[in-house]
1. Restricting attention to region 103-127, which residues are surrounded by 14 or more Cβ atoms within 10 Å (Cβ to Cβ) and among the charged types (D, E, K, R)?
2. Which condition number does L59 fail, the rest of (1) of a type in the set (A, V, I, L, M, F, W, C); (2) free of Cβ contacts under 8 Å to residues at least 24 places away in the same chain; (3) more than 24 Å from L117 (Cβ to Cβ) being met?
3. Kindly indicate whether P144 is modelled with pLDDT under 95 and more than 24 Å from E33 (Cα to Cα).
4. Which numbered condition in (1) at pLDDT 95 or above; (2) farther than 18 Å from W106 by Cα is the only one that V45 fails?
5. What pairs can you find where one residue is in region 26-40 and under 15 Å from V135 (Cβ atoms) and β-branched (V, I, T), the other is at pLDDT 95 or above and loosely packed, with under 15 Cβ neighbours inside 10 Å, and their Cβ atoms are less than 8 Å apart, with a gap of 6+ or different chains?
6. All but one of (1) buried (at least 19 other Cβ atoms within 10 Å of the Cβ); (2) more than 19 Å from K11 (Cβ to Cβ) hold for E100, so report the exception by its number.
7. Please determine whether any residue of region 75-95 is crowded, with 16+ Cβ neighbours inside 10 Å, touching a strand residue (DSSP E or B) at 6+ places or on another chain (Cβ under 9 Å) and more than 17 Å from M18 (Cα to Cα).
Amino acid sequence: MLYEYFQQSLKKKSFSSMIVYPAEILERRAQEEMVRSDKHHTYFVYAEIDFNHLDQHILHESDQELFITILLQVLNSDIRSTDILGLLPNNQGFVVLMPEAKEKAWFRIRRSFGEKLSDRPDLHKIFKEQIHPIVYPICLSKEP
């Protein structure tokens, strides 16, 4: 269901300017960011929003629609022009790829999401607990 709400929301006028790349292009862009990050010793954030996984935690359709609508509002206003949105294979979700960023950039998005849903701490909790960004190349570091 979340994918359908995502598609419907993107077609609305308020989000019509958002570009969401197909999975093949997203994969290529993620690989390019890895190479660029390695070459220039920079970081990037990669966060997956898995619709199937969220469907298991957000049971009511009205809550799913609200979740996606608020998430797209936040992304529409808080991501930079260099950030990338792309679909996962089989439209199972989407990715936010934030070049030259660390976790702080994602925390800003998470905070904005929570502020917009201040009357729904349950949905904000799901966001915090179910969407885990990784920071490349820190995610590859060996733990002590």
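1. Initially, region 103-127 is screened for residues surrounded by 14 or more Cβ atoms within 10 Å (Cβ to Cβ), giving 103, 105-106, 108-110, 112-114, 116-117, 120, 123-124, 126-127.
Within region 103-127, E103, R108, R110, K116, R120 meet the criteria.
2. Result: L59 passes all but (3).
3. Details: modelled with pLDDT under 95: yes; more than 24 Å from E33 (Cα to Cα): yes.
So P144 fits the description; yes.
4. V45 satisfies every listed condition except (2).
5. Pairs that qualify, where the first residue is under 15 Å from V135 (Cβ atoms) and β-branched (V, I, T) and the partner is at pLDDT 95 or above and loosely packed, with under 15 Cβ neighbours inside 10 Å: there are none.
6. Unmet for E100, out of (1) buried (at least 19 other Cβ atoms within 10 Å of the Cβ); (2) more than 19 Å from K11 (Cβ to Cβ): (1).
7. yes
The values are calculated or read from the model by the stated rules, or taken from the named source; none is laboratory data. As the structure is a prediction and not an experimental result, all values here were calculated from the model. All Cβ positions, even for glycine, are placed from backbone atoms using ideal geometry, and neighbour counts span all protein chains on display.
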